[in-house]
Amino acid sequence: MLELINVAKNYESPGRTGQLCVLKDITLKVETGSSVVIVGPSGSGKSTLLNIIGALDRPSAGKVLFDGKDLAALGEIELARIRNRQIGFVFQLHHLLPQCTVLENVLVPTLAEKNRVSKKEVRERAVNLLERVGLKDWMLYRPGELSGGQRQRVAVVRALINRPKLLLADEPTGSLDEASSQNIADLLVELNRSEDVAMIVVTHSVKLAERIGHVMELSDGILTDKGRR
Amino acid sequence: MSLFGLAKRSLGFYWRTNLGVLLAVLVSTAVLSGALVVGDSVRHSLKMTAVARLGRTEVALVQQNGFFRTELADELAAELDTTVAPVLQLRGRVADSNESRWENRVEIYGVDERFFKVGAEEKKGAFWEDWRQGVVLNEPLAARLRVGVGEKIGLRIENPGLMPREVPLAPDSDLSIFLRAEVRAIAGKSEFGRFGLQANQIAPLNVYLPIKWLGENLDRDSQANVLLVSGNPQDSITVEKANEAIRKHWQLADAELELRRLDWQDVFELRSRRILMDEALAAAAMQAGGQAVGILTYFVNELRVGEKTTPYSMVTAMGRPAEGNSIIPSNMQDDEILVNRWLADDLGANVGDSIELTYFVLSPMRTLVEQKNSFQIRKILPMDKPAVDPNLMPDFPGLADSNNCRDWKPGIDIDLDKIRDKDEVYWDDYRGTPKAFVTLEAGQKLWSNRYGNMTAVRYPRSGRAVQDIAKELLGGVEPASVGLFFQSVRARGMEAGNPTTDFGQLFLGLSMFLIIAAVILTGILFVFGVESRSRQVGMLLAVGFRPRLVRRLLFLEGGLVAVLGAIAGTAAGLLYTKVMIYLLMIAVSGSDIQFYAKPSTLVVGALAGVGVSLFAIWLTLRKQASRPARELLAQGLEWQFFAAGRVSKGRIGLATAAAATIGAIVLLVALGTGDSSAVTGAFFGAGGLLLIAGLGLSQALLKRAGGVWNRPMVSLAGLGLRNSTRRSGRSLAVIGLLACGTFLVIAVGANRHDPLSEAHRRDSGTGGFTLFGESAIGILHDLNSKEGRASLILDDKSLEGVEVVQLRVRDGDDASCFNLNQAQMPRLLGVRPEELKKRGSFGFADTIEGKGGKEAWDLLNRDEGDDVVPAIGDYPTIIWALGKTIGVESKNELKYRDEKGRSFRLRLVGMLKSSILQGSLLIAEDEFIRRFPSEDGYRVLLIDAPETKADAVSAHLSERLTNFGLAITSAKQRLAEFGKVENTYLSIFQMLGGLGLVLGSVGLGLVVLRNMLERRGELAMLRAVGFNKTALKRMVFYEHAALVLGGLVCGVVAALVAVGPALKSPGADVHYLSLGLTIVAIGISGVVWIWIATTLALRGGMLEALRNE
């Protein structure tokens, strides 16, 4: 489903000569329903890699194939469509809209493309998902009235609302306490299975990495397969 | 859940930010719609004024050079099936009973109930129903005189007289009549008290009298000189129909002609009540009836043969038709004369002798110019018919009704010593029987003048009736040629109600800076709101929203705020309108502007408010969602600012600055020299371009400073300056706001003029005159000559060193800044150009052919063709009141009609600088006389009196010429009154600019506050590493003070260039100190806002902020 072939990412360095090389020759293959966790020290380029996979950024070299399509060859509109339909994002910070209810937050991605799915159908899915993560009773509440863990669960549900093929999570437990982190880890694993969604998680958390299984390490821009834990 | 729903949610959730945006939109919409409603109010008020002054009048006839029967009104009313009101219109002076208050220029109207039927609201028991005596004053006049109903007033009314006043024989002793009368009523607007045919919006001062009573007092019983035709229900009254009705019904009496039968002569004789028949009429009379004999009888001072003389005699010039009844033989030569026996005996003359005639001819200012001419006696006529015919003498006033020669009172001095007993006997026996006869051609050559060339036309009766000849005569003359023609006063009035200056646009212009400031503030506040939610934007992009969709969502939210703000702003705009109307009424004192808002204008105002706000929002949104989602989602928003590839060299700013500077230089080189109004425009344009250049340069500096990494900042000030480059858009907005505000303050301040600063100079607006006089009745004599002064009983000694330039006046619309109407036919002044040229009076702002200096007065004598008259006006009259200009073919002409209904055009050939002549146009006196021959005398006096005795001269002239209704004001005061209007507009502009600056300051404060709040974490870090609060405040101060300074420098430099010509112009009244203080105040206000915002931002625990970071 997803294949990275010799992906590299460089940045121009202002005031200096030469380039700053963040990712080097990264090759990765992710199949439907599989899950990968990427670990590595701060500044190793984990988020950059995730942004490239999530079509939020473009590689300086190499190819990113999603369902056989090279993302680098696609325009912004097509990329936005892929992000909306095929990829779900979970950020370290939930980025929920404080002005909207929990349910509305979940439905936000469905607004990106008009009339793609029926409103009724999508609402039912949102309610189901919220029920599955134990937030059905909270769906008319605003994010400000929820705990950190609950908010992150809402963010996960939001990421899944359009039935993506790939779920990307960038430090999903980074700002949560241990109990909530455990909870989110369970949820991600469970959804990975039940929703048949491939999952790439970037984390520092050893526990989360262990829960997910297949670990890869990014260090000095080089991705190394550490195998299953 | 929909996009709209999401936008609505955000609207409420972020209500604080949105409230700020809403208030900014409210201000811009209020100002916008308010300014437009000012335009509505002015237009509406002018239309209402037009309705009030014309009532239901559709067309009107104003006879300039005579009077017609009041019965003509009845005949036209029946023909046109509407009300036609006859009016006797004259000028006069009015005073209260003890002469403690008076008004010198008052309109006197003789009217009857038909007048009120045309213009007043219908009401039972109104004063005009049973009104035979007593006068009615209109409200403004009653208020000025402070008289009420039942009180007595004194009226001095011009007496038109029978003969034109400037003819030497016309008496000048009864120029006016005096009436004492009781005030019967005070007429308000609903009682047609506002009546006036001139499109002036300042209420006239009117006195109404019963037409019959006034006519009797003026010996003009049953006569009128104005007809008002009311519109009828069928709405079918047109000028063409009314003129056709005149053609159908007019009679000889309407041209003041009389056709009488002379029995023993067996002729019908046509004569004019005005004594002289004008050329067109005389020519038509000669065509009518067949075998007509033209007659011109003139009063000669002396007939002489050798040493013998006969004084004061009539001599008749007569036609010599082939088959007519004439004393003159058909083969008589023009240098031959027939004398009667009495004269021949008196002079001892025989056939063949030469006889010399001495007589006065018409000359300006009634100067008596005596001329002589000699004839050879062809025949001596016996003292019998047909030569003894007293009817040949017209009814010269002061002569015809005298019992003996010593009672003669013609307009010339008669030397009674010259009158002998035998002359008295001749008068007793033969009255005005002419003593000599010449050919008509010879007589006309000597004695015809602009008023006419015949005193009678005789037709052999040949069995015909009077009516036949009258019909033939009337059929051959166009009534318009004797001044009987209608004009479409309603259409003209309504046209005048569309002022040249669109006050909506004017106030929009005056408020422009305020609007711009509010719009910038809208943008700033909105973008702050959006920026605080940039992570939301990032999230939306990340979940698949396209940037356009995100912008649409935010735009929707901003649109909702804009709509709400515009609705509230439109309501607030009504209040703003009221304030502006109040200010406008201060500027144009005497104007009556009523609040009036058209719903469509409110909609336009609201839409414009929404439009400009949405534009500002769109501008700020353009870049918002264009940043990558990953950047927006990042915790720190700033890192990408300095990221690779984003270093800008500010090329756009530099290019803009360079282009604008080059443009300014080109403009100054091309148009910046010379002495025309284009120079002012060029400098102002160059200033504007330099302002743009300054802003471009600032943008470039900000960008470059932000991109320079290889030079580390080494001070707190350096850090502050570096910080100011972080948000270059915001910083530029602050610089722009302050620069525009400063530019405006200086530009307006420098354009203030003290009209009096050079007022003593002849090339100034006063023309070097100390006094300006206007009279109700024309002054006929030369105020500079001994004789003229003596005729007016003026004390020559009191007037020593005084010079007067006398101007003829043709009343018209007031084209000064006191009249908001669009003047259609401004008042005309007839001037002898050489007088003003000799004095070098009044400075020229522009002329055709670039003729400058006093030589430009010669332009009035240019030959522009038969129907084109060159004219000069001052700048405010030509540019502002008439919307015309000099030299541009399509915009330098005005259409006029002369008093005989002939069309002609005025071509503007010169433009004076703002002057005391504002409101009128000047043409050469000879052209004036050609177009308006019956406008007798001079009604505007430009008086050059030594400064020290100006008051005494004013008092002396006012007292001695009180019967002329002469009002004298100081020329300086008059000029200052005009200047006050301009300066009040500037004050409004400055005040609104000031309000804009307040908004600009609020914007600055918000930018500082926002900058600080965004960087609380960073500031906390600086404190953590050892900076104290004072040091941080200093850093923030450096950062923002640089912006304030940048704004001030840009504004001051650009403004100084823009106002260069204004600073150098005579009368420039630039208060440098106050301007300097204003700029300092702007700077201080900026600093205060910086301080307030910094204090607020640095309040509270820094560690909290650090933790959040």
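Structure values in brief
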quantity	calculated
Qualifying positions in region B:822-846 - assigned to a strand (DSSP E or B), of a type outside the set (A, V, I, L, M) and closer than 10 Å to B:Ile872 by Cβ	B:Phe844
Single residue of region B:116-151 satisfying the filter (in a helix (DSSP H, G or I) and among the aliphatic types (A, V, I, L, M)) that is nearest to the chain's Cα centre (by Cα)	B:Leu141
Any pair with Cβ under 8 angstrom, 6 or more apart, that starts in region A:202-225 at a residue that is of a type in the set (A, V, I, L, M, F, W, C) and ends at one that is at pLDDT below 85 and assigned to a strand (DSSP E or B)	A:Val215/A:Lys226; A:Val215/A:Gly227; A:Val215/A:Arg228; A:Met216/A:Lys226
Of all residues making up region B:120-147, the number that are over 24 Å from B:Thr49 (Cα atoms) and buried (at least 16 other Cβ atoms within 10 Å of the Cβ)	3
Selected residue (only one of B:Ile275, B:Ile211 is surrounded by 22 or more Cβ atoms within 10 Å (Cβ to Cβ) and either closer than 23 Å to B:Ser448 by Cα or of a type in the set (Gly, Ala, Ser) (or both))	B:Ile275
Filtered residues of region A:134-144 (kept if loosely packed, with under 12 Cβ neighbours inside 10 Å and in contact with a helix residue (DSSP H, G or I) (Cβ under 8 Å, 6 or more places away or on another chain))	A:Leu140
Residues of region B:16-53 satisfying the condition of being of a type in the set (S, T, N, Q) and within 30 Å of B:Ala199 (Cα to Cα)	B:Ser33, B:Ser41, B:Ser45, B:Thr49
Some residue of region A:22-44 being away from chain B (no Cβ under 12 Å), acidic (Asp, Glu) and under 19 Å from the mean Cα position of the chain (by Cα)	yes
Qualifying residues in region B:549-582 (those that are charged (D, E, K, R) and within 14 Å of chain A (Cβ to nearest Cβ)) - the one surrounded by the most Cβ atoms within 10 Å (Cβ to Cβ)	B:Glu557
B:Ala224 vs. criteria crowded, with 20+ Cβ neighbours inside 10 Å, touching a strand residue (DSSP E or B) at 6+ places or on another chain (Cβ under 7 Å) and in the same structural domain as B:Arg91 (by TED's automatic domain parsing)	yes
Only listed residue being closer than 30 Å to B:Ser757 by Cα, in contact (Cβ under 8 Å) with a residue 24 or more places away in the chain and either not charged (D, E, K, R) or not assigned by TED's automatic domain parsing to the domain that holds B:Leu281 (or both), chosen from B:Tyr896, B:Tyr875	B:Tyr875
Some residue of region A:22-44 being assigned to a strand (DSSP E or B) and farther than 22 Å from A:His204 by Cα	yes
Test result for A:Ala8, at positive phi and either away from chain B (no Cβ under 14 Å) or not in a strand (DSSP E or B) (or both)	no
Selected residue (criterion: nearest to B:Val588 (Cα to Cα)) from residues of region B:948-980 that are in a helix (DSSP H, G or I) and touching a Phe, Trp or Tyr at 6+ places or on another chain (Cβ under 7 Å)	B:Arg974
Residues being more than 14 Å from every other protein chain (Cβ to nearest Cβ), in a helix (DSSP H, G or I) and touching a residue at least 12 places away in the same chain (Cβ under 8 Å) - total across region B:510-548	18
Residues that are modelled with pLDDT of 85 or more and under 15 Å from A:Val39 (Cα atoms), drawn from region A:186-208	A:Met199, A:Ile200, A:Val201, A:Val202, A:Thr203
From B:Asp926, B:Asp936, residue being crowded, with 22+ Cβ neighbours inside 10 Å and out of contact with any Ser or Thr (no Cβ under 9 Å at 6 or more places or on another chain)	B:Asp936
Residue check for B:Asn18: of a type in the set (S, T, N, Q), in contact with an Asp or Glu (Cβ under 7 Å, 6 or more places away or on another chain) and touching a residue at least 40 places away in the same chain (Cβ under 8 Å)	no
Test: residue in region B:934-947 that is outside any helix (DSSP H, G or I), among the charged types (D, E, K, R) and at pLDDT below 90	yes
So A:Ser47, is it modelled with pLDDT of 90 or more and within 14 Å of chain B (Cβ to nearest Cβ)	no
Qualifying residue in region B:395-404 (condition: surrounded by 21 or more Cβ atoms within 10 Å (Cβ to Cβ), aliphatic (A, V, I, L, M) and in contact (Cβ under 8 Å) with a residue 24 or more places away in the chain)	yes
Residue count for region B:335-366, restricted to those that are touching a Ser or Thr at 6+ places or on another chain (Cβ under 7 Å) and under 30 Å from B:Ser785 (Cα atoms)	1
Per-region count, region B:395-416, residues in contact with a Leu (Cβ under 7 Å, 6 or more places away or on another chain) and either under 14 Å from B:Met314 (Cα atoms) or not charged (D, E, K, R) (or both)	6
Residue within region B:459-481 that is under 30 Å from B:Leu999 (Cβ atoms) and out of contact with any Pro (no Cβ under 6 Å at 6 or more places or on another chain) present	no
Conditions (1) more than 30 Å from B:Glu151 (Cα to Cα); (2) over 25 Å from the mean Cα position of the chain (by Cα); (3) not hydroxyl-bearing (Ser, Thr, Tyr); number of the one not met by B:Asp40	(2)
Count of residues meeting criterion [within 30 Å of B:Ala496 (Cα to Cα) and within 14 Å of chain A (Cβ to nearest Cβ)] in region B:1-47	0
Among the candidates B:Ala284, B:Ala317, B:Ala280, residue that is of a type in the set (Gly, Ala, Ser) and either assigned by TED's automatic domain parsing to the domain that holds B:Leu88 or surrounded by 24 or more Cβ atoms within 10 Å (Cβ to Cβ) (or both)	B:Ala317
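The values are calculated or read from the model by the stated rules, or taken from the named source; none is laboratory data. Quantities reported herein were computed from a predicted structural model and do not represent experimental measurements. So basically every Cβ, Gly included, is an ideal-geometry build from the backbone, and we count neighbours across all protein chains shown.
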